[in-house]
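The next block holds one structure in the form of structure tokens; read it before the comments.
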Amino acid sequence: MSMQVHVAQHPLIAHKLTVMRDERTDSPTFRRLVDELVTLLAYEATRDVRTEEIEVTTPVAPTTGTHIAAPRPLVVPILRAGLGMLDGMARLLPTAEIGFLGMIRDETTLEAVTYANRLPQDITGRQCFLLDPMLATGGTLIMAIEYLLERGARDVTAICLIAAPEGIKAVEETVGKTDASVKIVVANVDSHLNEHGYIVPGLGDAGDRLYGVVD
Ligand code: URA
């Protein structure tokens with residue numbers, strides 16, 4: 001099936017992203033901005049969350065309302081950097097269940113390697129939300145989407161802060177070969193990847209900017 005890319009355009013999103021790009025922005029400020037930004041992106045990303053009607057009685061009269069339908073959506077941050085997006089997402093979608101995928105990019109081959117995987121075995125029929133700030137080569141996101149599809153998901157939304165056109169194309173090619181519906185919600189699509197696999201202009205290494213450098 002085809003993939004949808006939604007670039008969330010809003011002055012607040014553009015402003016926050018610009019402060020995050022600034023190399024002078026320190027980790028505490030960067031973390032706070034990721035948290036704020038993801039809430040705005042999550043608002044867009046959850047536009048198609050499945051709902052059902054319920055009856056509710058106000059102090060004045062009974063009426064028909066809406067609530068999020070079962071089965072509960074699944075939110076999956078991709079560790080390490082996706083963890084910085086979890087609180088903001090969970091605040092907006094508190095009934096979601098949360099799974100974890102730990103992936104690291106081998107900086108020489110630029111291939112994704114999985115070091116942790118904690119997802120429900122069967123996620124058939126669940127709407128899944130992947131959190132990964134930087135869609136660069138697409139390697140990590142493709143692997144994460146494949147895990148979810150293997151376990152039965154067919155509706156996946158990835159929330160990213162910045163994407164490179166190369167990464168979007170790579171994910172699109174993979175998704176095109178499946179019967180899944182995949183959406184990417186992103187604050188901006190930047191110019192390109194450099195020879196080290198960094199997004200240009202980007203914001204550097206999102207994990208390092210959130211949590212500091214770990215060798
Ligand atoms: N991962 C990052 O954190 N930053 C990039 O620019 C590319 C991948």
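The values are calculated or read from the model by the stated rules, or taken from the named source; none is laboratory data. Quick caveat: nothing in here was measured; it's all calculated off a predicted structure. Note: ideal-geometry Cβ built from the backbone for every residue, glycine included; neighbour counts use all protein chains shown. All accessible areas refer to the heavy atoms of the entire protein, side chains included, with ligands and DNA or RNA removed. Shrake-Rupley method; radii C 1.70, N 1.55, O 1.52, S 1.80 Å.
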* nm² value of the averaged projected area, convex hull over the Cα atoms of the range 78-129 -> 4.3 nm²
* Asked: What is the calculated FRET efficiency for Glu146 to Glu55, with r their C-beta to C-beta distance and R₀ = 35 Å, to the nearest 0.05?
  -> 0.30
* Structure fact -> With the 8 Å Cα cutoff and a minimum separation of six or more residues, the range 4-203 has a relative contact order in percent of 21 percent
* Structure fact -> The answer for the longest stretch of the chain without any exposed trypsin sites (Lys or Arg not before Pro) (DSSP loop, at most 12 further Cβ atoms within 10 Å) is 48-176
* To do: Report the extension gain between Ser27 and Glu111 in nm, rounded to one decimal, defined as 0.36 nm multiplied by the number of residues separating them, less their alpha carbon distance.
  => 27.6 nm
* Asked: How large is the accessible surface per residue of the chain, computed with a 1.4 Å probe and reported in Å² as a whole number?
  -> 51 Å²
* Please give the length that would be gained between Leu17 and Glu97 if that part of the chain were fully extended, namely 0.36 nm times their separation in residues minus their C-alpha to C-alpha distance (nm, one decimal). => 26.0 nm
* Structure fact -> Under 20 Å by backbone N from the virtual spin label 7 Å along Cα-to-Cβ at His10, the residues of the range 174-215 are 183-190
* Size of charge dipole - the range 4-203 - debye, nearest 20, with Cβ of Lys, Arg +1 and Asp, Glu -1, no other charges -> 320 debye
* Hull surface divided by four, with the convex hull built on the Cα atoms of the chain: how many nm²? -> 13.2 nm²
* To do: For the chain, with a Gaussian network of springs between Cα atoms less than 10 Å apart, report the residue from Glu44, Glu53, Glu172 with the top mean-square fluctuation.
  => Glu53
* Determine the percent antiparallel among the DSSP beta bridges restricted to the chain, to the nearest 5. => 35 percent
* Asked: Considering only the other residues whose Cβ falls under 14 Å of the Cβ of Arg209, what net charge follows from Lys and Arg at +1 and Asp and Glu at -1?
  -> 0
* Asked: Which of Glu97, Glu52, Glu36 moves the most in a Gaussian network model of the chain with Cα springs under 10 Å?
  -> Glu52
